[in-house]
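I have placed the structure first, in the form of structure tokens, so that the comments after it can refer back to it.
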Amino acid sequence: MAVLLLNLAQAQSDTLLTTLSEELEREFEVLSKAEYPVYYMDYRADDESTLSISASFGSLMSSTVYRSRNCQPTLRVGDYTLDNTHESNSYFGYGGTHAQPIPLNNEPNAIKQVLWRLTGIAYNMAKNRYKHVQSQERKDSINDFSREQPVTFYEPEDTEKVEETKWEHIAKRLSSTFIGEPDIISGNVYIDYSKVRKYFISSEGTSVVQNSKLIQIHVVTQMVNDDQEVVDLYKSFSAMSEEKIPALDEMVKETQDLITTLKALKTAPYAEPYTGPAILHPRASAVFFHEIFGHRIEGHRLKNEEDGQTFKEKIGDRILPELINIYADPTLSGYEGTDLNGFYKYDDQGLEGRKVSVVENGVLKNFLMSRTPIENFDISNGHGRSQIGTSPVARQSNLIVETQTGLTDDELRAQLIKECKAQGKAYGYYFEDVTGGFTQTSRHTPNAFNIMPTLVYRIYADGRPDELVKGVDLIGTPLAMFAEVMATGKSNGVFNGICGAESGSIPVSAVAPSILVRRIETQKKPVNNIKSEKPILQNPQLQQLSDEK
């Protein structure tokens, strides 16, 4: 047993940990001897406190503090080689998992009452699914669950108090930046400050208690453009500590820049569908790699016959230019001074997060693994993740793309113009920022991706000034896109976000340099059906400012 037990006395006095452990032992003792025996069982519990604030045009709209405790049991019926989670049509990856609230106070009997009820429901579902699995013809000999060494870890509780008035002031100040702007019809700021104490115990002997903190500030603004379409932009700031949130003056400056950009978008021309060279800014590049690469190295997908399995047979093959290395590392709390959302000590299956070298010199070497084995990859590398209430699967953490050689911004621009002339293109594209994206990996749909930019510029080959355009979506297929990467930049950008997939929404990060792509494809954005007539009356705040003058 790997033992990393800290503060033994505190662990022994932790009522919730003791209660979970006692009930798991009691339940497992009986269920492991049932007609359909449980060979593995765990409890996950999240004790979460959240401060949620919204403000608009300098006024506080809401400020709420709430706390919740939720617990889910996972039960596996059968054995490590074949159990109720075995792939079988819609039953793939199901571990009999449910999550329900448990009492906020530390009354052991009240908590155990809920656990007893939840475990009974989960057992019946796991048993019935195992019967179904037994009735089906088995198509492979790969185990359903990996054997791992148990770990014990205890982190003291984070007792730091959250100053509500401080964050309310920040929300009001940021949103007041929109006052006096005649084009702005909506100027909102949302703050979510979440602290989670996470418990995980299993019948194998693992006991992990750790803390998680995430502060997110979202600035969202809207205007009506000349076509009466509602156009919006947003800016977000996130960190795992208050010290890493930018200074208020800096966030105000970035909000002012957001307003300037939104005004420019009001009259910017719409882009036509395009194919040709482009540069992706580091942050846009980070989203690009997260979406079109990161999801395709999540190991459980390679066991699912419904998935496109892009890279299943490509271990040892060059899939990217030789100058690119990629690794996933949940142990990194920051990168070049910026906090990374994808940081954690232990994953949601109680295993220590580990650095995984995925691509070396352009060659695919590894996959991200949970405790669901795939061919030639028998154990987890600490990437079993999920939102509580869903079954953990292999998910991204911090995806880091690094380059051995990189060009300056001026050198990348010169290369772009050179490539435009070689292809006979009047201009290339520069993707400066994005809101996010999505990708399809199922074999029943085209394995395409869609990145949704917010700031896109045309860079003209004849030297004309760069031109801001709107209405662009970046689309394509992964293998074709990878083959077109020509060069990378020197500097890196960080994308922090929340990724939604089959195991729920989890915090993730991606770090990447700029990339120059020989040929990208764009399409027009869907038409925004939200229309708004220009207001007849003057904005009341502007009217007041006018009267005061």
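The values are calculated or read from the model by the stated rules, or taken from the named source; none is laboratory data. What you see is a predicted model, and the numbers here were worked out from it, not measured in a lab. Every residue, glycine as well, gets a Cβ built from its backbone with ideal geometry; the counts of neighbours run over all protein chains shown. What goes into the accessible areas is simple: the full protein's heavy atoms, side chains included, and nothing from ligands, DNA or RNA. Shrake-Rupley method; radii C 1.70, N 1.55, O 1.52, S 1.80 Å.
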**Asked** Residues of the range 102-138 being open to solvent by 50 Å² or more (accessible area, probe 1.4 Å), more than 21 Å from Leu24 (Cβ to Cβ) and of a type in the set (Val, Ile, Thr), which ones?
**Response** none
**Asked** Does Glu48 meet the test of being open to solvent by 10 Å² or more (accessible area, probe 1.4 Å), modelled with pLDDT under 95 and of a type in the set (D, E, K, R)?
**Response** no
**Asked** In the range 478-505, which residue that is part of a strand (DSSP E or B) and among the hydroxyl-bearing types (Ser, Thr, Tyr) is surrounded by the most Cβ atoms within 10 Å (Cβ to Cβ)?
**Response** Thr488
**Message:** For the structure I just gave you, tell me whether Asp410 is out of contact with any strand residue (DSSP E or B) (no Cβ under 8 Å at 6 or more places or on another chain), at negative phi and free of Cβ contacts under 8 Å to residues at least 24 places away in the same chain.
**Reply:** yes
**Request:** Output the residues belonging to the range 456-477 that are modelled with pLDDT under 90 and assigned to a strand (DSSP E or B).
**Result:** Lys470, Val472, Asp473, Leu474, Ile475, Gly476
**Request:** Report yes if some residue within the range 152-161 is touching a residue at least 24 places away in the same chain (Cβ under 8 Å), open to solvent by 40 Å² or more (accessible area, probe 1.4 Å) and either closer than 27 Å to Leu262 by Cβ or of a type in the set (Lys, Arg) (or both); otherwise report no.
**Result:** no
**Request:** Take the residues in the range 262-316 that are of a type in the set (A, V, I, L, M, F, W, C) and open to solvent by 30 Å² or more (accessible area, probe 1.4 Å), then tell me which one is modelled with the highest pLDDT.
**Result:** Ile315
**Message:** Just to be sure before I move on: is Phe343 open to solvent by 40 Å² or more (accessible area, probe 1.4 Å), in contact (Cβ under 8 Å) with a residue 12 or more places away in the chain, more than 23 Å from Asp79 (Cα to Cα) and not charged (D, E, K, R) in the structure I sent?
**Reply:** yes
**Request:** Name every residue in the range 477-526 that is out of contact with any Leu (no Cβ under 7 Å at 6 or more places or on another chain) and charged (D, E, K, R), in order of residue number.
**Result:** Glu484, Glu502, Arg518, Arg519, Glu521, Lys524, Lys525
**Item:** Residue within the range 221-239 that is more than 17 Å from the chain's Cα centre (by Cα), closer than 23 Å to Gly58 by Cβ, surrounded by 19 or more Cβ atoms within 10 Å (Cβ to Cβ) and at pLDDT 95 or above present
**Value:** no
**Item:** Residue check for Met452: assigned to a strand (DSSP E or B), under 24 Å from the mean Cα position of the chain (by Cα) and modelled with pLDDT under 90
**Value:** yes
**Request:** Just give me the residues in the range 396-414 being in contact with a Pro (Cβ under 9 Å, 6 or more places away or on another chain) and either over 22 Å from Asn361 (Cα atoms) or of a type in the set (Asp, Glu) (or both), in sequence order.
**Result:** Glu402
**Item:** Hits in the range 51-84 - residues which are open to solvent by less than 20 Å² (accessible area, probe 1.4 Å) and either part of a loop (DSSP other than H, G, I, E, B) or free of Cβ contacts under 8 Å to residues at least 24 places away in the same chain (or both)
**Value:** Asn84
**Message:** Given the criteria in contact (Cβ under 8 Å) with a residue 60 or more places away in the chain and on the phi > 0 side of the Ramachandran plot, does Gly362 qualify?
**Reply:** no
**Prompt:** Which residue, of Ser141, Ser212, Ser175, is buried (at least 17 other Cβ atoms within 10 Å of the Cβ), small (Gly, Ala, Ser) and under 30 Å from Tyr40 (Cβ atoms)?
**Reply:** Ser212
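Among Ala510, Ala501, Ala487, which is of a type in the set (A, V, I, L, M, F, W, C) and more than 22 Å from the chain's Cα centre (by Cα)?
Values: Ala510 fails: more than 22 Å from the chain's Cα centre (by Cα); Ala501 fails: more than 22 Å from the chain's Cα centre (by Cα).
Result of the check over Ala510, Ala501, Ala487: Ala487.
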**Request:** Identify, by number, the condition in (1) surrounded by fewer than 23 Cβ atoms within 10 Å (Cβ to Cβ); (2) in a loop (DSSP other than H, G, I, E, B); (3) not β-branched (Val, Ile, Thr) that Ser357 doesn't meet.
**Result:** (2)
**Message:** Go through (1) part of a strand (DSSP E or B); (2) without any contact (Cβ under 8 Å) to a residue 60 or more places away in the chain for Thr260 and report which single condition fails.
**Reply:** (1)
